[in-house]
Amino acid sequence: APLHQNNYLVSGELKKWEGESSNIYSTISSTETYKPTWLGSIPNQGKQEALEALESACLAYDKGQGLWPTMKVSDRIKCMETFVEMMKTKREEVVKLLMWEIGKNLPDSQKEFDRTVDYIYDTIEDYKKMDRDSAKFIKSEGIYAHIRRGPLGVVLCLGPYNYPLNETFCLLIPALIMGNTAIFKPAKHGVLLITPLLEAFQKSFPKGVVNVIFGRGRAVASPIMESGRIDVLALIGNSKSANALQTIHPKKNRLRLVLGLEAKNPAIVLPDADLDLTIDECIAGTLSFNGQRCTALKVLYVHKDIIDEFNRRFSLRVDALKFGNPWEQGVKLTPLPEKDKPAYIQELIDDAKNLGAKIINEKGGKITENYIFPAVLYPVNKSMRVFKEEQFGPVIPILPFTDIAEPLDDMAESNYGQQVSVFGKDVKKLAPLIDTLVNLVCRVNLNSSCQRGPDVYPFTGRKDSAFSTLSVHDALRSFSIRTFVASKDN
Ligand code: G3H
């Protein structure tokens with residue numbers, strides 16, 4: 001059934017939007033059976049509603065004196081537990097919308113939902129541990145101290161379309177549990193799937209603690225940032241938006257940033273790599289959710305000694321991947337939510353071809369409405385756009401190398417520094433290589449593709465890839481500040 005409640009959540013009230021709406025159509029349109037379907041509509045809000053939401057969050061925080069930031073830890077936990085229990089009842093609806101709105105396949109949509117629920121429970125547990133630790137005294141030079149962590153203020157949360165539920169909540173949940181209040185605007189795709197959860201927010205948290213508004217990023221996020229009343233900008237997405245938003249904040253020195261941005265994670269395949277395993281991992285790494293992951297492998301460096309064999313087997317595996325609707329069994333490749341993505345990928349392919357690369361898989365580059373079949377490009381070089389840009393879609397550049405210094409130099413020059421995958425067996429060669437790689441990126445994956453999880457591990461990056469660290473444990477710290485009570489008596 002279409003979702004067209006057109007509700008939004010401000011000041012603890014689920015308000016009916018009477019203004020102009022935006023229609024949301026499905027991503028699914030590229031098979032003969034399914035035409036784009038109207039899924040529902042959302043409020044097309046602007047400055048006035050954005051400022052209303054901001055006022056509501058500021059009132060609830062009340063400069064640190066509000067009910068929420070001063071609430072007992074156990075009571076804040078109860079609110080979060082109520083929320084997650086209510087959220088669990090919406091699994092089927094949210095999973096369906098993940099498939100229809102962003103084209104994520106069924107197993108991955110279910111995983112996104114379940115992972116988010118686990119993340120909330122794990123965050124609650126970590127928060128309890130943090131609270132227990134804060135009850136302990138430490139002593140130095142005759143001063144006893146009770147160290148705790150306190151909230152930062154009002155948070156603006158903006159998540160990405162590729163994980164519209166999970167990554168938005170990876171920001172929002174730790175921000176809330178630490179006593180901050182929040183305004184959150186769902187991602188540009190995967191927006192309707194938030195609507196079944198509005199009631200859970202409303203019923204679980206005190207008035208004004210969570211405010212959910214809809215509308216174009218610029219129309220709603222810009223006035224909020226311009227007000228100078230935001231204490232934390234929490235954004236997973238692109239650096240262009242992050243830069244634009246932080247620049248307009250009039251008191252930048254008071255703004256904390258929690259940002260997850262672009263990446264261009266490489267795989268380095270050494271001559272002694274186990275090719276079966278390497279190809280499995282490179283397929284998953286490059287093409288899970290059609291390559292629309294910040295952690296996706298976006299460039300493959302393969303040693304010249306094994307490149308012919310690698311290319312032959314890798315291309316066959318790519319061509320064997322099943323394209324279809326997200327709910328169909330075994331489907332790995334699905335329609336793309338961004339309408340202009342196939343044309344953009346085509347531009348990258350054309351540019352690479354003009355500069356000497358070829359598509360080496362038979363099906364590569366075939367366009368069907370909102371899909372382009374993954375193109376494996378070889379040999380790619382540094383002058384090509386597909387080497388320089390974060391493709392965030394189904395195109396895979398392969399570069400040959402003879403000396404390990406070649407990929408290492410490229411990584412050192414890159415604007416990004418999130419993760420790398422290394423494939424090889426010789427531990428003696430790998431050990432010194434790892435020592436270099438950890439200074440270039442934040443996570444080195446041995447004989448496995450890059451990924452964010454498990455969510456207890458730090459998720460971050462160097463250079464333009466991230467600012468601050470997310471994980472169950474780290475996010476609680478990213479959204480809080482250390483405070484303490486000092487005393488000469490214990
Ligand atoms: O888009 C970036 C995501 O954080 C990737 O997460 O590695 O779990 O797919 P993932």
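The values are calculated or read from the model by the stated rules, or taken from the named source; none is laboratory data. Values in this document were obtained by computation on a predicted structure and should not be read as measured data. Glycine gets a Cβ as well: all are built from the backbone with ideal geometry, and neighbour counts include every protein chain shown. Areas reflect the complete protein model, heavy atoms only, side chains present, ligands, DNA and RNA absent. Shrake-Rupley method; radii C 1.70, N 1.55, O 1.52, S 1.80 Å.
For residue 187, the residues 5 or more places off, or on other chains, whose built amide H falls under 5 Å of its own are 159. Per residue, the solvent-accessible area of the range 185-286 (1.4 Å probe, heavy atoms of protein chains only, all protein chains present) comes to 36 Å². Measuring nothing but protein heavy atoms, the accessible surface of the range 437-490 at 1.4 Å probe radius is 53 percent carbon and sulfur. With helices as the sole contributors, the chain gives -11500 deg cm²/dmol at 222 nm; each DSSP H run of n ≥ 4 counts as -39500 (n - 2.57), and the sum is divided by every residue.
The C-alpha atoms of the chain define a longest principal axis, and helix 47-61 lies at about 60 degrees to it.
Within a straight-line Cα-Cα reach of under 17 Å, residue 388 can be paired with the following aspartates and glutamates, leaving aside sequence neighbours fewer than 8 residues apart in one chain: 262, 347, 350, 351, 406, 409, 410, 413, 464.
Compared with the direct C-alpha span, the chain from residue 343 to residue 438 gains 30.6 nm at full extension, assuming 0.36 nm per residue.
Remark: the range 203-261 carries a charge dipole of roughly 80 debye about the Cα centre, counting +1 on each Lys and Arg Cβ and -1 on each Asp and Glu Cβ.
Annotation: aspartates and glutamates with alpha-carbon distance below 19 angstrom to residue 428 (same-chain offsets under eight excluded): 272, 274, 403. Dividing the convex hull volume of the alpha-carbon atoms in the chain by its residue count gives 154 Å³ per residue.
For residue 445, the amide hydrogen comes within under 5 Å of the amide hydrogens of 420, 421, 422, counting only partners 5 or more places away or on other chains and with H modelled in the peptide plane. A cut-off of 5 Å between modelled amide H atoms, ignoring neighbours fewer than 5 places along the same chain, links residue 395 with 375. Within the range 298-354, the chymotrypsin sites (Phe, Trp or Tyr not before Pro) that combine a DSSP coil assignment with at most 16 other C-beta atoms in a 10 angstrom radius are 327.
With every protein chain in place, what's the accessible area of residue 92 (1.4 Å probe, Å², nearest 10)? Counting only protein heavy atoms, residue 92 exposes about 130 Å² to solvent. Of all DSSP beta bridges confined to the chain, the antiparallel ones make up roughly 45%. Straight Cα distances below 25 angstrom link residue 203 to the lysines 15, 16, 63, 72, 78, 88, 90, 96, 128, 185, with same-chain residues fewer than 8 positions distant left out.
Would you work out what percent of the accessible area of the range 67-167, with all protein chains in place, is carbon or sulfur (probe 1.4 Å)? Percent of accessible area from carbon and sulfur atoms in the range 67-167: 53.
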